[in-house]
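Visitor: Quick one: structure below, then a few questions.
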């Protein structure tokens with residue numbers, strides 16, 4: 001088997017099936033990553049969404065004993081919406097991050113990799129392969145970096161020369177011993193715009209992220225959002241793009257190559273008030289095809305409630321009162337009470353006071369007290 005010829009054939013085929021960049025690396029241990037993961041655990045900087053042990057995340061042969069090489073792929077996604085819908089005082093909107101625009105990238109990239117896998121198996125009878133996209137044990141970024149697709153920026157995202165950091169990543173582990181590609185040189189230089197712009201200071205230093213403070217992570221949690229982050233989440237209902245948008249490597253980067261990733265106006269930037277009462281079925285039918293729906297509707301609803309509080313949307317007061325009084329979920333009731341206090345109308349304060357008389361959940365009562373405390377803040381500002 002001529003692996004150099006096969007490698008070239010794979011590269012050519014990848015272009016035909018919608019893969020924008022492809023690179024090859026060895027299945028050697030990711031030693032530097034292993035040490036970094038240990039340090040992240042010691043500092044409690046991990047999100048908790050990570051899959052597998054440090055060994056499984058850094059030793060490809062634990063996932064595929066026959067592993068000799070890893071093929072990394074990157075697929076570009078757009079960074080701008082054409083004619084994006086605007087928020088109005090009557091209809092405030094939230095937004096999903098760009099990585100959640102269009103169809104779920106996990107499905108799209110798995111489909112691309114499955115085609116690549118079939119191509120390889122047709123060429124090599126005894127080929128052994130394993131596909132991963134984001135939810136696998138391996139770090140997509142570390143694999144792509146070593147395979148020469150891009151370099152890791154100070155915002156911890158992979159940055160490519162052609163598409164900036166607006167790329168989805170995936171990989172295919174195989175027993176075929178391909179000649180590896182060379183990594184590209186880090187070119188962030190002295191720039192620290194992403195570090196300075198991060199709303200919560202989650203980028204501790206270049207290349208180190210405290211996921212527990214990252215808005216992208218926080219929007220996916222299901223409990224009460226800690227107070228210090230409630231103002232900073234703004235109208236984000238899922239994810240955060242700040243560190244990408246300020247990056248000079250992303251200036252003028254906006255590729256609309258794949259129709260699957262084109263944003264749908266009312267999904268990428270949904271109206272907030274309808275999110276409060278959407279049923280499970282409606283949520284699945286409307287948002288089930290995007291990656292931002294993977295945690296279900298509860299985090300999205302909580303974030304929508306916070307977004308209405310952020311806007312101080314007085315038109316949302318009746319809906320917020322209704323869910324504060326009737327929603328069976330303490331996090332939703334309590335967050336609604338907090339946002340009502342943030343909006344700060346007399347109707348809102350009276351509703352919180354009345355609801356407090358019958359509320360039995362300790363956490364919700366605490367949120368109601370915090371909502372009522374906004375009245376004292378208002379009085380002190382007059």
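Visitor: Between helix 3-16 and the chain, what is the angle of the helix's C-alpha long axis to the longest principal axis, kept within 0 to 90° and rounded to the nearest 10?
Guide: Once rounded, the angle reads 40 degrees.
Visitor: Taking neighbour Cβ counts within 10 Å as the exposure measure, how do 56, 137, 145 sort from fewest upward? If you can, show how the numbers build up before the last one.
Guide: Details: 56 14, 137 18, 145 24.
Ascending Cβ contact count within 10 Å gives the list 56, 137, 145.
Visitor: Still on this structure, please answer the following. Taking only Cα atoms and a 10 Å spring cutoff, compute GNM fluctuations for the chain and point out the largest among 356, 306, 172.
Guide: Among 356, 306, 172, the largest GNM mean-square fluctuation belongs to 356.
Visitor: Still on this structure, I have one more. Could you sort 265-272, 153-160 so that the peptide with the highest average Cβ count within 10 Å comes first and the rest follow in order?
Guide: Numbers: 265-272: 18.9, 153-160: 22.8.
Packing proxy ranking, top to bottom: 153-160, 265-272.
Visitor: Also, quick follow-up: Compute the long axis of helix 317-326 from its Cα atoms, compare it with the longest principal axis of the Cα atoms of the chain, and write down the angle in degrees, 0 to 90, nearest 10.
Guide: The helix 317-326 is inclined about 80 degrees to the chain.
Visitor: To one decimal place, what orientation-averaged projected area in nm² is obtained for the convex hull of the Cα set of the chain?
Guide: One quarter of the hull surface, i.e. the mean projection, equals 20.8 nm².
Visitor: Moving on to the next point. What does the stretch 223-288 give for Rg and for Dmax, in Å, if only its C-alpha atoms count?
Guide: 15.4, 41
Visitor: Right, something else. Dividing the alpha-carbon Rg of the stretch 1-143 by 2.2 N^0.38 Å yields what? Don't jump to the answer; show the numbers that get you there.
Guide: Details: Rg = 18.9 Å, N = 143, 2.2 N^0.38 = 14.5 Å.
Against the empirical 2.2 N^0.38 Å value, I get 1.30 for the stretch 1-143.
Visitor: Okay, next question. Take peptides 231-237, 196-202, 36-42 and line them up by average Cβ neighbours within 10 Å, highest first, as a rough protection proxy.
Guide: The densest-packed peptide leads the list: 231-237, 196-202, 36-42.
Visitor: So what's the projected area for the stretch 237-382, the Cα convex hull averaged over all directions, in nm²? Could you put the intermediate results ahead of the total?
Guide: Numbers: hull surface 44.9 nm².
Value for the stretch 237-382: 11.2 nm².
Visitor: Note the angle between two axes, namely the Cα long axis of helix 362-381 and the longest principal axis of the Cα atoms of the chain, as a number of degrees from 0 to 90, rounded to the nearest 10.
Guide: The helix 362-381 is inclined about 70 degrees to the chain.
Visitor: Follow-up. First check a/c for the stretch 88-216, with a ≥ b ≥ c the square roots of the eigenvalues of its C-alpha gyration tensor; if it is under 1.5, answer rounded, and if not, answer prolate when a/b is larger than b/c or oblate otherwise.
Guide: Cα axes put the stretch 88-216 in the oblate bin.
Visitor: Give me log10 I(q)/I(0) at q = 0.16, 0.26 Å⁻¹ for the stretch 1-84, Debye formula, one equal scatterer per alpha-carbon, no solvent.
Guide: Evaluating at q = 0.16, 0.26 Å⁻¹ gives log10 I(q)/I(0) of -0.87, -1.19.
Visitor: Something else: What whole-number volume per residue, in cubic angstrom, does the convex hull of the C-alpha atoms of the stretch 197-312 give?
Guide: 129 Å³
Visitor: On to the next question. Would you mind computing the Rg to Rh ratio of the stretch 312-382 from its alpha-carbon coordinates, Kirkwood style for Rh? Before the final figure, lay out the partial values.
Guide: Numbers: Rg = 11.0 Å, Rh = 11.6 Å.
On the Cα set of the stretch 312-382, Rg over Rh gives 0.95.
Visitor: In deg cm²/dmol, rounded to 500, what helix-only [θ] at 222 nm does the chain give when every DSSP H run of at least 4 residues adds -39500 (n - 2.57) and the total is split over its residues?
Guide: -12500 deg cm²/dmol
The numbers here are math on the coordinates, done by the rules we state, and not lab data. From a predicted model like this one, the values you see are computed outputs, not experimental measurements. Neighbour counts are summed over all protein chains in view; Cβ atoms, including those assigned to glycine, are modelled from backbone coordinates with ideal geometry.
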